[in-house]
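Data first, discussion second: the structure below is written as structure tokens.
What follows is calculated from the coordinates using simple rules that are stated; it is not laboratory data. Since the structure is predicted, the reported quantities are computational estimates derived from the model, not experimental observations. Cβ placement follows ideal geometry from the backbone for every residue including glycine, while neighbour counts extend to all protein chains displayed.
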Amino acid sequence: MPRPEPPPWLSDAAIATAGCLLAGHRLAFARPLLAGVQNGRSPLQAAQELFVAATVVLAHDGGVDPRLIYANRAALLLWCRPWSAMVGLPSRLTAEPAERQSRALALERARRCEAVAGYAGIRVDSGGRRFRLENARLWTLRDGGGQPCGQAAAFASWWWLEPPRTGSPPLLAKRPNPVGQTEPEPSVLPLQA
């Protein structure tokens, strides 16, 4: 019997990206990205732990108009997008047009310095709801040859700047969750694409 396809955040490419994120953070800040993810874990286990971490973690490639190459569950929840809509998205679209210049300046500073801690900014979820993030860490990702190949961000402190535009859904209302399933609210999200 053939093995089922793994979820996209456990594909070979996503596992490699998770390893790059964890190694890059350690190199940039001289500490692990997640306290519970220790050296010596298998790449699969480290990728699983990074995906389910409460800390928001995102990464984009090094293109001219960078596209997201990774978003953990906390990021998918915050931006209200499934993996398939978040990964591949131009990363500039995580911010409103008025915030994109300051975002770009922070990313350029992080590129020049290799890493920046304490970044704050305003972002917008898929429905247009604004939130402020604080104390973000931004760092450069490097490929196997040591060449820059993108940037990553991690933060645990954020808050909404406005209430939901359509009000809160009724308890137990059906809504799509960020990993692509429809489920009653509130609940624990399944790890599915």
Determine, for ARG67, ARG103, the number of other Cβ atoms within 10 Å of each Cβ, and report the residues in order from fewest to most. ARG67, ARG103
Please identify which residues in region 59-75 have an amide N closer than 18 Å to a label point set 7 Å out from the Cα of ARG100, following the Cα→Cβ vector. 60-69
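How long is the gain from VAL64 to SER42 if the chain were fully straight, where each residue apart is worth 0.36 nm and the alpha carbon distance is subtracted?
Stretched fully, the VAL64-SER42 segment lengthens by 4.6 nm.
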Whose amide H sits under 5 Å from the amide H of ARG142, counting only residues 5 or more places off or on another chain, with H placed in the peptide plane? CYS149
If the only charges are +1 at each Lys and Arg Cβ and -1 at each Asp and Glu Cβ, what is the size of the charge dipole of region 8-162 around the Cα centre, to the nearest 20 debye? 220 debye
